Structure formats: structure tokens, C-alpha cells
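Colleague: Please see the structure below; I have some questions.
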Amino acid sequence: LTARPTTRVELTVASGDTGEATVSPATLTFTNASWNVPLTVTLTGVDDAALDGDQVTTVTVAVNQAASDDDFDGVDSEILTVTTRDDDAAGLTLANTSDLTVTEAGGWDEFSVALSVAPATNVVLRLTSEDPGEAMVGPSALTFTSANWNLPQVVILTGVNDAVADGPRQTVVTVEVDDVQSDPAFGGLSATAQVTTTDDDAVGVTVSPDSLNVVEGDSAVFTVRLTSEPTTAVAFELFRRLDVQIA
């Protein structure tokens with residue numbers, strides 16, 4: 001205080017936005033003995049998940065007229081400002097992406113996606129498979145709002161069956177923000193995961209039947225097929241083996 005009161009003086013300290021900054025204590029009391037002893041007010045920033053930049057909050061110090069020396073009733077309130085520095089950044093959070101594996105026999109795996117902070121408007125994510133002939137991704141789009149931004153949404157990966165003996169194949173799955181339909185703060189963001197498709201094909205030849213009896217002057221038929229799809233032509237040479245017995 002700037003002068004000694006005859007009785008006590010009580011001041012209230014209030015934050016204009018307790019979601020950004022809080023004050024402690026909320027009440028200061030001076031007496032005619034301690035009127036010139038400074039009392040400390042602590043301002044504390046509130047951590048939120050909003051991508052709202054630096055926020056300015058007014059803090060008001062006012063005389064509680066009902067609990068104070070009447071001589072101080074006409075004292076104007078003091079208003080100061082405090083800036084809360086934002087520590088949030090727009091980002092995508094992918095979870096359970098290690099060792100993702102699917103099989104050609106319809107086997108599937110999954111991972112989840114969420115946002116790192118709450119958006120001001122909706123954020124739409126597009127999901128694509130680098131090689132849909134090996135692994136499919138679904139759904140093709142995810143939508144996050146300011147209400148569900150931190151609730152992980154599941155992405156399903158499914159193996160695609162082919163007839164090629166190509167061994168295990170790695171496919172990159174991309175999660176990318178649809179800039180046109182999303183909060184501009186998330187524009188240009190993307191993340192990836194990698195999934196392995198295990199192969200159920202093997203290189204080989206099947207002959208059917210594997211033995212024949214042929215009457216002289218007659219004919220018989222057998223078939224030859226591959227056990228997997230080749231990447232180039234496969235040619236076979238057919239020859240007759242003579243069994244020679246020496247007496």
C-alpha cells in the first residue's frame with residue numbers, strides 16, 4: 001500500500017483467463033502494521049493442448065471494499081498483463097508401427113493415428129499404400145476434430161495374395177494431411193509406417209501324373225505347370241531316357 005490504513009485492507013487478485021494463467025494467492029491482506037511489506041503473487045502458466053500461440057491474460061488487483069478500510073474504497077484497480085508462451089506444435093502421432101507384418105493368406109495387422117495437439121478446425125488425413133498389390137490400407141481417410149484429436153484411430157493393413165514367389169516384401173504406408181480440408185496449422189504434415197508382406201509362394205514345377213504306361217503304337221498325355229507365377233518366360237527341355245540292359 002502507499003499509505004498506512006487504520007484497519008486492514010484486503011485485495012483480490014483475479015486472472016482474466018484461468019485456462020491460460022492462474023494466480024496465487026487470490027487474496028492479499030495488509031494491516032496497519034504490515035501495510036508497507038510487499039506481498040508476492042505467483043503467476044503460473046497453464047499447460048493445454050491447444051495450438052493457440054502466445055496468449056495474453058489480464059490480471060486484476062482490486063480492493064475488497066466490504067472487507068477493507070473505507071479510506072481505500074475509492075482506490076482504482078490495478079491491471080497488469082501476463083503472456084503465456086505456447087509450447088505446442090502441430091504433429092501426427094503414429095503408434096504400434098514396429099514390426100508390422102501381414103500375410104498373403106489374408107493376414108492383417110494394425111497401427112493407430114492421433115494428433116499431437118487440438119486443432120482449431122477439422123483435420124482430414126489421407127492414407128495410401130505404396131504398393132496396393134502387396135498390402136492394402138483401410139480406411140482411406142481419417143477425420144479428427146477438436147473433440148477427438150487425441151483419441152487414436154485404428155488403421156488396418158491387409159496382405160494381398162499373388163502367385164509370384166517374390167519373398168517378403170516391404171511396403172510404405174503414408175499418412176498425409178489433406179491440406180484443402182484441414183486446419184492450416186497442420187498443412188503439409190505427413191508420417192509413414194512400413195509393413196512386411198510374407199510370401200506363401202514357392203518356385204517349382206508340378207508334373208501330373210508322375211508315371212505313365214504306354215502301349216506300343218499308342219500315346220499318353222501328361223501335364224506340366226509352374227507352382228508360382230514367373231517374372232519372365234520359363235522354358236523346359238523334354239528328352240527321352242533310354243534304359244540299356246547289358247546281358
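Colleague: Leaving out ligands and nucleic acids, and using a 1.4 Å probe, what accessible area per residue does the chain come to in Å²?
Modeller: Numbers: 15490 Å² over 247 residues.
With all protein chains present, the chain gives 63 Å² per residue.
Colleague: Here's another thing I want to ask about it. Which peptide among 207-213, 34-40 comes first, and what is the full order, when sorted by highest mean count of other Cβ atoms within 10 Å?
Modeller: Working: 207-213: 8.0, 34-40: 10.7.
The most tightly packed comes first, giving 34-40, 207-213.
Colleague: OK, next. Count the net charge of all other residues whose Cβ sits under 10 Å from the Cβ of Val56, scoring Lys and Arg as +1 and Asp and Glu as -1.
Modeller: Its environment carries a net charge of -3.
Colleague: Report the GluC sites (Glu not before Pro) located in the range 154-243 that are in a DSSP loop and have at most 10 other Cβ atoms inside 10 Å of their Cβ, or state none.
Modeller: Values: sites: Glu176, Glu216, Glu237; in loops: Glu216, Glu237.
Passing sites in the range 154-243 are Glu216, Glu237.
Colleague: Grab the other residues whose beta carbon is less than 14 angstrom from that of Thr22, score K and R as +1, D and E as -1, and report the net. Let's see the in-between values first.
Modeller: Details: positive: none; negative: Asp17, Glu20, Asp47, Asp48.
Net local charge, Thr22 excluded: -4.
Colleague: Please report the antiparallel percentage of the DSSP beta bridges confined to the chain, to the nearest 5. If you can, show how the numbers build up before the last one.
Modeller: On the way: 55 of 61 bridges.
In the chain, approximately 90 percent of DSSP beta bridges are antiparallel ones.
Colleague: Sorted from largest down, what three extents in whole angstroms do the Cα atoms of the range 1-105 have along their principal axes?
Modeller: 89, 21, 20
Colleague: In addition: Can you give the charge dipole size of the chain about its Cα centre, rounded to the nearest 20 debye, using +1 on the beta carbon of Lys and Arg and -1 on the beta carbon of Asp and Glu? Let's see the in-between values first.
Modeller: Working: 8 positive and 38 negative charges, 52 e Å.
Here the size comes out at about 240 debye.
Colleague: Give me the compactness ratio for the chain, meaning the Cα radius of gyration over 2.2 N^0.38 Å. Intermediate results must be reported in sequence, preceding the final value.
Modeller: On the way: Rg = 37.9 Å, N = 247, 2.2 N^0.38 = 17.9 Å.
Cα Rg divided by the expected 2.2 N^0.38 Å: 2.12.
Colleague: Let me ask you something else. Reported to two decimal places, what Rg/Rh ratio describes the range 92-229 when computed on Cα atoms with Rh from the Kirkwood expression?
Modeller: A ratio of 1.32.
Colleague: Counting only protein heavy atoms and a 1.4 Å probe, tell me what percentage of the chain's accessible area is made up of carbon and sulfur. Display every interim value, and only then the final one.
Modeller: On the way: 7870 of 15490 Å².
Roughly 51 percent of what the probe reaches on the chain is carbon or sulfur.
Colleague: What list of ³J(HN,Hα) values in whole Hz, one per residue of the range 43-50 in order, does the Karplus curve 6.51 cos²θ - 1.76 cosθ + 1.60 (θ = phi - 60°) give from phi, with Gly and Pro shown as x?
Modeller: 9, 10, x, 9, 7, 10, 10, 8
Colleague: Oh, and also: Find how much the distance from Trp35 to Asp71 grows on full extension, using 0.36 nm per residue of separation minus their present alpha carbon separation; answer in nm with one decimal. Don't skip to the end; give the middle numbers.
Modeller: Working: separation 36, 0.36 × 36 = 12.96 nm, distance 1.38 nm.
Taking Trp35 through Asp71 to full extension adds about 11.6 nm, to one decimal.
The values are calculated or read from the model by the stated rules, or taken from the named source; none is laboratory data. The structure displayed is predicted, hence computed values, not measured ones. Cβ sites come from the backbone with ideal geometry, for glycine too, and all protein chains shown count toward neighbours. Accessible surface areas use protein heavy atoms only, side chains included; no ligands, DNA or RNA. Shrake-Rupley method; radii C 1.70, N 1.55, O 1.52, S 1.80 Å.
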